[in-house]
Amino acid sequence: MSELRLTVDPVACDAFGFCAELLPEIVGLDEWGYPVVAPGEAVPPHLAKLARQAARSCPRQAVILTVG
Amino acid sequence: MTTATTSAAPRGAATPARLAERRLAPATGHAPAAGSERRDGTTRLLGAWQAHQSARLAEHLAHHGPPVLPPPRACGWADLLARLVADAGLTGRGGAGFPTSAKLAAAARAGERRWLVVDGLEGEPESAKDRVLLQCAPHLVLDGAELVAAALGADRITVCVAADQGATATAVHRAATERERTALAPVPVELARPPARFLAGEESALVNWLRCGTALPTFRPDKAVPLAIGRRTMLVHNAETLAHVALVARHGAKWFRHAGTADAPGTTLVTVSGAVARPGVVEVELGTPIDTIVAAAKPTATVHAVLVGGRGGTWLGTNDMGTPLAPRALRERGAAVGAGILVALPAEACGVAEIARMATAMAAESAGQCGPCVFGLPAIADDLRRLAAAAAPSGPGSRSGIGADPDLGTRLQRRLGAVTGRGACRHPDGVVRMVRSGLAVFADDVARHGTGRPCTAATPVAGPARDAATRWQT
């Protein structure tokens, strides 16, 4: 069973915060507004659509989704 | 043990007898077998040469014998070399301590074309071992580089020396020119001069600089994927690691294991600085107790703590100073050998002021790419400076100590947790390790500052008294 996994590219990220807005269940924000999420964090199936939206809407294209 | 630094005065010729007299024994087991060891265990890399003297090719060959190179059109040397290095148990000497054989095997599997990079940058201000090695024994490093390049089919070798290390670059250039005229140069050797910045020697930053001239680490979601430029797989090895490879190829894995301990074989270069009369680079067997190495550098005061592994390393207090310089023993204390940096802190210095000063310098060395590092490290450094300043001399009624900033302790702890593991490289993780270990080792100093009592060292980091904080450093 392949799982959707989410990683934030820390170099690309500029703290727009859309990912945390869309996925508060798995993405937090630190005191400087940068997303806190473990690299390769598993996205629960019911959040997959929102995760894709987060990846699409990130102005810096810093949200990386992988399957595996 | 031999001392050779860029700052130390040249010493008399290091005769084997003198060196044997001063050699350091490992803490546990594995004394070199009598008779089987031709050279002293601690003089493998630097022993024959004096500081400020660069071995010429003829001298180098007379001392070490001819280098090992695969015969033309030989097959299977990549596997052969990886196996030999695995038997020797050689690990990288650049800081991460990764098994060299695994790195060689991974590069042998990846792609068709390869490019070998010799990392001699050592961005750590407290490290001098790679530049001393490249200055004194450039041919030994080039022997190793040429062997690895020829065995793996690399068609380029680039030796990287920081832009501000002119003498080292001169020595490498002269050595490479000397070899060009002989059969020893199977692969062209070129010299590159990346900027002298803390992070420029980080593997991905170095490759990025060679690719596009920007010495910044890159984000690698999967570190198992080898670095590449175009169609060339990049192999980055530390200069000292390659010198060890050259000796393992000459003398064998068993010989390499005559020094060091069973799980940490061989010797390693260590840079000792801080409150010592003889700062410099020494070659020691892995497993030598840290206090023994520091004692040999003649401390100028009672040593209160030792920073192991540099500014991204770990502070060890008085109780742990006898720890052997070996991966396993250090891991149990949350430390690592790193690039072999030992900084001795004297009892009269303030640990809080020192970690604040180092954290401030490390925040300034951030590559400026990842938010948690860009904002987190200055915030951590600022908290530490506040803590250090809390016990600055103050008049009655002035607000100082925890009373002035009651959240300081919890805020600092939260921030230390917030930046760990969140950068493209390990820079923030190293700072956190150094600060956390410092807060534990200097708990007395922290408590004194926390209650606003005067610090024994009375050295607020920012401001004119800064010199007092660094006076002990030579």
Which condition number does A:Cys19 fail, the rest of (1) in contact with a strand residue (DSSP E or B) (Cβ under 8 Å, 6 or more places away or on another chain); (2) assigned to a loop (DSSP other than H, G, I, E, B); (3) closer than 25 Å to B:Pro378 by Cβ being met? (2)
Which of (1) touching a residue at least 12 places away in the same chain (Cβ under 8 Å); (2) of a type outside the set (A, V, I, L, M); (3) within 14 Å of another protein chain (Cβ to nearest Cβ); (4) surrounded by 14 or more Cβ atoms within 10 Å (Cβ to Cβ) is the odd one out, the single condition A:Asp14 does not satisfy? (4)
Residue check for A:Arg56: more than 9 Å from chain B (Cβ to nearest Cβ), among the basic types (Lys, Arg) and exposed (fewer than 14 other Cβ atoms within 10 Å of the Cβ): yes
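I'd like the full set of residues that are of a type in the set (A, V, I, L, M, F, W, C) and assigned to a loop (DSSP other than H, G, I, E, B), limited to the range B:53-104. Break it down into steps so the answer makes sense when it comes.
Quick first cut of the range B:53-104, residues of a type in the set (A, V, I, L, M, F, W, C) only: B:55, B:57-58, B:61-62, B:68-69, B:74-75, B:77-78, B:80-82, B:84-86, B:88, B:90, B:96, B:98, B:102, B:104.
Within the range B:53-104, B:Ala55, B:Val68, B:Leu69, B:Ala74, B:Cys75, B:Leu90, B:Ala96, B:Phe98 qualify.
Give the residue that is surrounded by the fewest Cβ atoms within 10 Å (Cβ to Cβ), with candidates limited to residues of the range B:121-144 that are of a type outside the set (A, V, I, L, M) and in contact with a Ser or Thr (Cβ under 7 Å, 6 or more places away or on another chain). Walk me through how you get there before you give the answer.
Our first condition is that a residue be of a type outside the set (A, V, I, L, M); within the range B:121-144, this holds for B:122-127, B:129-131, B:135-136, B:138-139, B:143-144.
Keeping just the survivors that are in contact with a Ser or Thr (Cβ under 7 Å, 6 or more places away or on another chain) gives B:126-127, B:129, B:131, B:135-136, B:138.
Numbers: B:Glu126: 21, B:Ser127: 25, B:Lys129: 29, B:Arg131: 25, B:Gln135: 28, B:Cys136: 23, B:Pro138: 29.
The extreme case among them is B:Glu126.
Evaluate the range B:91-108: report whether one residue or more is under 17 Å from B:Glu240 (Cβ atoms), among the polar types (S, T, N, Q) and free of Cβ contacts under 8 Å to residues at least 24 places away in the same chain.
Applying the first criterion (under 17 Å from B:Glu240 (Cβ atoms)) to the range B:91-108 yields B:91-101, B:103-104.
Checking the rest, the ones that are also among the polar types (S, T, N, Q) come to B:91, B:100-101.
Now restrict to residues that are free of Cβ contacts under 8 Å to residues at least 24 places away in the same chain: B:101.
Yes, the range B:91-108 has at least one match.
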Among the residues of the range B:435-444, is there at least one that is more than 14 Å from B:Arg385 (Cβ to Cβ) and part of a loop (DSSP other than H, G, I, E, B)? yes
Exactly one condition in (1) closer than 29 Å to B:Glu59 by Cα; (2) crowded, with 24+ Cβ neighbours inside 10 Å; (3) touching a strand residue (DSSP E or B) at 6+ places or on another chain (Cβ under 9 Å); (4) not hydroxyl-bearing (Ser, Thr, Tyr) is not met by B:Gly95; state its number. (1)
Give the residues of the range B:407-431 that are buried (at least 24 other Cβ atoms within 10 Å of the Cβ) and aliphatic (A, V, I, L, M), sorted by residue number. B:Val419, B:Val431
Given the range B:292-391, what helices (runs of 4 or more DSSP H) lie entirely inside it while holding 1 or more residues that are of a type in the set (Lys, Arg) and touching a helix residue (DSSP H, G or I) at 6+ places or on another chain (Cβ under 8 Å)? B:351-364, B:371-389
Restricting attention to the range B:395-415, and to residues there that are closer than 12 Å to B:Gly452 by Cα and of a type in the set (D, E, K, R), which single residue is modelled with the lowest pLDDT? B:Arg399
Among (1) in contact (Cβ under 8 Å) with a residue 40 or more places away in the chain; (2) touching a Gly at 6+ places or on another chain (Cβ under 7 Å); (3) at the interface with chain B (Cβ under 8 Å from one of its Cβ atoms) - the single one A:Ile64 does not satisfy: (2)
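The values are calculated or read from the model by the stated rules, or taken from the named source; none is laboratory data. All of these numbers come straight from a predicted model, not from anything done at the bench. Ideal geometry is used to build each Cβ from the backbone, glycine not excepted, and the neighbour counts take in all protein chains shown.
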